[in-house]
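The values are calculated or read from the model by the stated rules, or taken from the named source; none is laboratory data. Fair warning: this is a prediction, and the values are worked out from it, not measured in the lab. Backbone-built Cβ (ideal geometry, glycine too); neighbour counts: all protein chains shown. The protein model used for the area step is the full one, side chains on, heavy atoms only, and it has no ligands, DNA or RNA in it. Shrake-Rupley method; radii C 1.70, N 1.55, O 1.52, S 1.80 Å.
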Amino acid sequence: MQVGAFYPFSRNHNSLGEPDQDPASLGTVVVNASIKSLKERYRLLPFLYTLMQDAHDHGSTVARPLLHEFPTDENTWNISTQFLWGSSFLISPVLDEGKEEVDVYFPKARWYDYYTGQEITTVGTTVTLPAPLDGYIQLHVRGGIAIPAQEPALTSAECRNNSMGVLIAFDENGSASGTLYWDDGVSQDTRTTGKYNEFLFTAVTENNQITISILTLNNGLGNMTVPFDTFLIMGLERIPPSSIKVDNVEVDFQNVIYETSTNAMMLVNLGLQLTEYHTIVMTL
C-alpha cells in the first residue's frame, strides 16, 4: 500500500480462486496502515488532479523517476525505488517485506519533511529513515512548489465538499508557485468548454517581507462553495513573523500555529473564497 497509494492509477487486481487481497482480509495492522496511506492520497487529490490535467494539456508525466528532474545527477540514474509526483513531491516507499526503514536519496535541492516541515540538511546523499508498519510513508517536498490539498474523506466525491488549503515550500530564493485545476469532476472536455476554475499560487520573499498571492486564471465554474481555510508554509526564515495580514486585515495569532524547531507555520480558519483575488503579507 505504501507504493500503491501513490500510483496515479491506484487499484488492486485479483482473480477467482486466489487468496483475498483487500486490506480488510489481511488483519488490523494492514487495515490501519492502508487507512493512513490512502488518507494522504485523498488529501492530495487536488494536486494529483492538477497534475493529470497538466499531463493532458502538455504531455507531462504525473509520476516520474528522479532522473527526469535531476538528469545531471548520476546518482539518480539507477534509482527505481523512489519516484516523484510532478517535479517536487518525493515518495520513498518500503518495498521489502518486514522492513521498517527505507533508504532515501535526496538530490541537491531544498527538501522538507512532508509531515513536519523540517528541512532536510543531508542533500546529495542517501539517508536511512524510519518507516514503521503503521503506514508512515517517507514523503518529502521540494522547495519552490505550492501544493493544493483538501481534507480527506471516504470517497473522492465527499472530498470535494471539504475545506481546502495549500502547502507552500520555499526554495533557496524564498519563492514558490503552483496551480490548482478544478472542474465538476464528471464532465468531459472541460478545458475545451471552459467549464473549469484554475488558480495560481505564488509566494515571494523580498526585503524581509513575504507576499503570497492567489490569482484566478479561469472562472468558468463561478464561485466555489468549498472554503479555502489553510496555508502551511515551510522554510520560513523567522518564526513567528512580526505581523501577518490577509487582504490588508491583521490576522489574529490564535489562527497561527507555528513550530520554531522546524520553521514551519500554518494559518488556519481563513475562510477565503478562491475565485476572489487574495494576498497574504507577512513581515519577518
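What is the percent carbon and sulfur in the accessible area of the range 2-160, measuring with a 1.4 Å probe over the protein chains and ignoring ligands? Before the final figure, lay out each step's value.
Details: 4460 of 8310 Å².
Answer for the range 2-160: carbon and sulfur cover 54 percent of the accessible area.
When the helices in the chain are scored as -39500 (n - 2.57) per DSSP H run of 4 or longer and the sum is shared across all residues, what 222 nm value do you end up with, to the nearest 500 deg cm²/dmol?
Details: 5 runs with 42 residues, N = 284.
Counting only the DSSP helices, I get -4000 deg cm²/dmol.
Backbone geometry of the range 235-242 corresponds, through the Karplus equation with coefficients 6.51, -1.76 and 1.60 at θ = phi - 60°, to 3J(HN,Hα) couplings of x, 5, 6, 8, 10, x, x, 6 Hz, x marking Gly and Pro.
Between the residues Ile145, Gly194, Gly98, the greatest Cα displacement towards the positive end of the dipole of the range 86-208, with unit charges on the Cβ of Lys, Arg, Asp and Glu, is found for Gly194.
For the range 103-172, a/c is not less than 1.5, where a ≥ b ≥ c are the root eigenvalues of the C-alpha gyration tensor, and a/b does not top b/c. That puts it in the oblate class. Remark: the chain carries 51 Å² of accessible area per residue (probe radius 1.4 Å; ligands, DNA and RNA excluded). Axis angle, to the nearest 10 degrees, between helix 45-58 and the longest C-alpha principal axis of the chain: 90 degrees.
Only the Cβ atoms of Lys and Arg (+1) and of Asp and Glu (-1) were treated as charged; on that basis the dipole of the chain about its Cα centre amounts to roughly 260 debye.
Mean sequence separation of contacting Cα pairs (under 8 Å, at least six apart), scaled by the length of the chain, corresponds to a relative contact order of 15 percent.
Couplings 3J(HN,Hα) of the range 135-142, computed from phi: x, 6, 9, 6, 10, 9, 10, 7 Hz, in residue order, whole Hz [Karplus 6.51 cos²θ - 1.76 cosθ + 1.60, θ = phi - 60°; x for Gly and Pro]. One chain, two ends: Asn223 and Val30. Fully extended at 0.36 nm per residue, the span grows by 65.4 nm beyond their Cα-Cα distance.
Report, to the nearest whole %, how much of the accessible area of the range 220-281 belongs to carbon and sulfur atoms, 1.4 Å probe, protein only. If you can, show how the numbers build up before the last one.
Values: 1450 of 3140 Å².
So the carbon and sulfur contribution to the accessible surface is 46 percent.
If the chain linking Gln273 and Asp247 were pulled fully straight, counting 0.36 nm for each residue of separation and taking away their Cα-Cα distance, it would gain 8.2 nm.
Seen from all sides and averaged, what is the projected area of the convex hull of the Cα atoms in the chain, in nm²?
Values: hull surface 66.5 nm².
With every direction weighted equally, the projected area is 16.6 nm².
Report, to the nearest 10°, how far helix 28-43 tilts away from the longest principal axis of the Cα atoms in the chain, using its own Cα long axis and a range of 0 to 90°. With rounding to tens, the tilt is 40 degrees.
Relative to one another, the C-alpha centroids of the range 175-197 and the range 101-154 are positioned 27 Å apart.
Does the range 54-163 classify as rounded, prolate or oblate by the C-alpha gyration tensor (a ≥ b ≥ c root eigenvalues; a/c under 1.5 gives rounded; else a/b over b/c gives prolate, otherwise oblate)? Since a/c reaches 1.5 but b/c is at least a/b, the shape of the range 54-163 is classed as oblate. The H on the amide N of Ala109, modeled in the peptide plane, is under 5 Å from the matching H of Gly124, each at least 5 residues off or on a different chain. In loop segments of the range 137-227 as defined by DSSP, the GluC sites (Glu not before Pro) with at most 16 further C-beta atoms inside 10 Å of their C-beta are Glu172. Sequence-ordered 3J(HN,Hα) estimates for the range 196-205 from the Karplus curve with 6.51, -1.76 and 1.60 and θ = phi - 60° stand at 7, 10, 9, 10, 10, 9, 10, 9, 9, 10 Hz, glycine and proline given as x.
Summing Lys and Arg as +1 and Asp and Glu as -1 over all other residues whose Cβ lies under 15 Å from the Cβ of Tyr258 gives a net charge of -3. Under 5 Å between amide hydrogens, built in the peptide plane, is the criterion, and for Leu167 it picks out Ile147, Ala149, Leu232 among residues at least 5 positions away or on other chains. Ranked by solvent-accessible area (1.4 Å probe, protein heavy atoms only, all chains present), the residues Tyr258, Tyr181, Tyr136 order from largest to smallest as Tyr258, Tyr136, Tyr181. Taking amide hydrogens as placed 1.01 Å from N in the peptide plane, the amide H of Gln118 sits under 5 Å from those of Asp113, each at least 5 positions away in sequence or on another chain.
Of the GluC sites (Glu not before Pro) found in the range 68-149, the ones in coil according to DSSP and having at most 12 other Cβ atoms within 10 Å of their Cβ are Glu97, Glu100.
Rounded to the nearest 20 Debye, what is the dipole magnitude of the range 141-284 about its Cα centre when Lys and Arg each give +1 and Asp and Glu each give -1 at the C-beta? Don't jump to the answer; show the numbers that get you there.
On the way: 6 positive and 16 negative charges, 24 e Å.
The calculation lands at about 120 debye.
Work through the residues other than Lys108 whose Cβ is under 13 Å from its Cβ and net out their charges, Lys, Arg +1 and Asp, Glu -1.
Working: positive: Arg110, Arg142; negative: Glu69, Asp73, Glu74, Asp171, Glu172.
Overall, the nearby charge balance is -3.
For the range 120-241, the gyration tensor built on C-alpha atoms gives an oblate shape. Its axis ratio a/c (a ≥ b ≥ c) is at least 1.5, and a/b is not larger than b/c.
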